[in-house]
Amino acid sequence: MQQMTKRLQSTLILALLSVGSAGIAAQDAGTLSGEELQHRDPELPYSPYATGSAPTRVYWGDTHLHTSFSMDAGAFGNRLGLEEAYRFARGEEVQSTTAGPARLARPLDFLVIADHSDNMGFFPDLVGGDKQVLADPKGREWYDDINAGKGVQVAMQIIDSFSRGTFPDALMYWPDSDMYRSAWGKTIDAAEKYNEPGRFTAFIGYEWTSQVPPGQNLHRVVIYRDGADKARQTVPATTYPPQGSTDPEYLWQLLQTYEDKTGGKVLAIPHNGNLSNGLMFPTINPVDGKPITEAYAKTRARWEPLAEATQIKGDGETHPLLSPNDEFADFGTWDKGNLNLSEGKTPDMLPYEYTRSALLIGLQLDAKLGINPYQFGLIGSTDSHTSLATADDDNFFGKHSGSEPGPDRMKHPFAKFGDKQILGWETLASGYAGVWATDNTREALFDAMARRETYATTGPRMLLRFFGGWDFAQADTETRQPATVGYRKGVPMGGELSAAPAGKAPTFLLAALKDPMGANLDRIQVVKGWLDASGKTQERIYDVAVSDGRKIGSDGRCDTAVGNTVDLATATWANTIGATEFITAWKDPDFDPALRAFYYARVLEIPTPRWTAHDSVYYGVPLEPGDTGIQQERAYSSPIWYTP
């Protein structure tokens, strides 16, 4: 039985493939088919767009941005605060910390400033020479080193000491301190100032920075649906003992406390799991070493409806060792170790770090516990520590202010601990969150995130629709409004199907439109994962639409590459290959109604230059060994689940 609201079922004439609010022109509404006219509800208004009961637009944003209020961002040299971050996201020109003026090609629709909750506001006081901070020997040492141009080294020391639990107590801004409450108040005030319902949404938020020693990254971004009146009633959850904890269940408890106290709403988004060393999506609770329980699974599913699938510190969809039959799996792969590289990566850690494998594990846990803790939607965001929310390869300002544009940043270590290092060229210009919502407000965007009607991109703003049901057919693709039939006959991305009708298999309606300022599309795929009759997880990829007249074989795959028009000498490409859009209906040819499964769409662009190719041309420097300078950017929809 399809899970959807009555309003969505009755809403017919809504939703183009759609319109992004950042300057993308609307599609022609076209002509209603006879079937659509026949199914019109006389209780609905004449104007099909008046009720706002189904999302007709995708809104673009970054749910994971740091400013100088984050102690590591400040140590890396970031001098841009909350105001500059909002102004940049809204489309204004600002001066970057080290690389001159910066501006987005197109403004964003929403932003979450997610400064680290631990020691929020500490760094502006450190760099400003606060007397209390300088009274501590380590504070004085860090202050002197920063003023001597050693900010990156200070940042590494701060991250390492925090990861290992050795950060000086005297320098902690505890949540009950006046300094901390002042910083949180400024964070709220800035969000209130720049929040403009209908035009730009400034969410109140923070990042809970759980780093399990010696440096396993279990960070979560916390987003408030609410405004200042509720957010001021509590302070963010922190991780440093004794006033905080690195246990995610501690965070969830505090989120519940917030909602109970204020009547507000919050949610949490796990950080890209590739630096967790196997702890982000566990089957064994790392806190007590026991299998996760039904209570854990229910609580996690309650608070974490989304997961971050891509960002600057690597792509988190899948890993080539986990998906050996996926020729596109090795994209933005970071697999050297944990956050501070104090512990190397081993293959047994990988299944518990990537979103595709976590979705598979979720099916197993659902069968065992009766609840799926990893039934999450997907988003992308930057995790930039520059205050600049840019994921465009020709406008990439790096992970932190020590890696802003410059001739040496490709070869300069992004992170270095001991004999391990991640080089600058290995960072990705990624990513953004696409959210299908009824309006550009905190409430509408939050509700869309909570129902998982979202998708991740590695930067491009391509449009993606994905619906699942039992009766989609090719006739449904003959429209400029796939959402009209999509909502009527099925569920959108993030939805659920169950109890297959006798003799039927799931059908899907997929539509993708290229970024109007970006590259053409190579293909659109359906990624299926399922739990077989023996309880083992399986995955398979189906190419469902490809460009340039290429053929899809009987195995559901197109083995012919799209080609490559990239000119590295100029860091350009030509849209002489690929397609501007796809729309198709697809039926699972291998469906077994007795088996749990999920499906999500993946859209691939034709090859384009990486940010490193743009730097190579601009600065006249060669690419680094191991870097081709070419990539295929992509989008990942939230899944649709099938439960017997």
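The values are calculated or read from the model by the stated rules, or taken from the named source; none is laboratory data. Quantities reported herein were computed from a predicted structural model and do not represent experimental measurements. Here the Cβ is made from the backbone with ideal geometry for all residues, glycine too, and neighbour counts use every protein chain on show. Keep in mind that these areas ignore ligands, DNA and RNA; they rest on the heavy atoms of the full protein, side chains included. Shrake-Rupley method; radii C 1.70, N 1.55, O 1.52, S 1.80 Å.
For this structure, a couple of remarks:
- Any hit, the stretch 157-169, residues being more than 30 Å from the chain's Cα centre (by Cα), among the aromatic types (Phe, Trp, Tyr) and within 21 Å of residue 418 (Cα to Cα): no
- Among residues of the stretch 115-132, those that are over 35 Å from the mean Cα position of the chain (by Cα) and either within 13 Å of residue 75 (Cβ to Cβ) or of a type in the set (D, E, K, R) (or both), counted: 2
- Residue, nearest to the chain's Cα centre (by Cα), within the stretch 546-599, restricted to residues that are acidic (Asp, Glu) and under 30 Å from residue 500 (Cβ atoms): 588
- Boolean, residue 146 is of a type outside the set (Gly, Ala, Ser), closer than 26 Å to residue 235 by Cα, open to solvent by less than 40 Å² (accessible area, probe 1.4 Å) and not in a loop (DSSP other than H, G, I, E, B): no
- Looking across the stretch 188-213 at every residue that is out of contact with any helix residue (DSSP H, G or I) (no Cβ under 6 Å at 6 or more places or on another chain) and within 23 Å of residue 241 (Cα to Cα), the one that is most open to solvent (accessible area, probe 1.4 Å) is identified as 212.
- Selection count where residues are surrounded by fewer than 24 Cβ atoms within 10 Å (Cβ to Cβ) and either assigned to a strand (DSSP E or B) or of a type in the set (A, V, I, L, M) (or both), scope the stretch 366-405: 3
- Taking each residue of the stretch 153-177 that is over 17 Å from residue 243 (Cα atoms) and looking for partners that are of a type in the set (D, E, K, R) and open to solvent by 10 Å² or more (accessible area, probe 1.4 Å) with beta-carbon atoms closer than 8 Å, six or more apart or interchain, yields 153/145; 154/145; 155/72; 156/416; 158/72; 159/72.
- There is at least one residue in the stretch 497-512 that is of a type outside the set (Gly, Ala, Ser), closer than 26 Å to residue 392 by Cβ and either in contact (Cβ under 8 Å) with a residue 12 or more places away in the chain or in contact with a Leu (Cβ under 9 Å, 6 or more places away or on another chain) (or both).
- Test for residue 341: is it in a loop (DSSP other than H, G, I, E, B), of a type in the set (A, V, I, L, M), more than 21 Å from the chain's Cα centre (by Cα) and surrounded by fewer than 20 Cβ atoms within 10 Å (Cβ to Cβ): no
- Condition check for residue 267: modelled with pLDDT under 95, in contact with a helix residue (DSSP H, G or I) (Cβ under 8 Å, 6 or more places away or on another chain) and under 22 Å from residue 113 (Cα atoms): no
- Hits in the stretch 583-632 - residues which are open to solvent by 40 Å² or more (accessible area, probe 1.4 Å), assigned to a strand (DSSP E or B) and of a type in the set (Lys, Arg): 587
- Consider the stretch 257-296 and keep the residues that are of a type in the set (Gly, Ala, Ser) and open to solvent by less than 40 Å² (accessible area, probe 1.4 Å). The one that is nearest to residue 63 (Cα to Cα) is 268.
- Checked against (1) in a loop (DSSP other than H, G, I, E, B); (2) without any contact (Cβ under 8 Å) to a residue 40 or more places away in the chain; (3) farther than 22 Å from residue 382 by Cβ; (4) not polar (S, T, N, Q), residue 326 passes all but a single condition, namely (2).
- Of the criteria (1) part of a strand (DSSP E or B); (2) open to solvent by less than 60 Å² (accessible area, probe 1.4 Å), which one residue 519 fails: (1)
- Residue, surrounded by the fewest Cβ atoms within 10 Å (Cβ to Cβ), within the stretch 560-582, restricted to residues that are hydrophobic (A, V, I, L, M, F, W, C) and touching a residue at least 60 places away in the same chain (Cβ under 8 Å): 568
- Pairs with Cβ under 6 Å, 6+ apart, first in the stretch 439-467 and touching a residue at least 40 places away in the same chain (Cβ under 8 Å), second crowded, with 24+ Cβ neighbours inside 10 Å and basic (Lys, Arg): 458/634
- Of 299, 262, all but one fail to be in contact (Cβ under 8 Å) with a residue 12 or more places away in the chain and over 27 Å from residue 494 (Cα atoms); the exception is 262.
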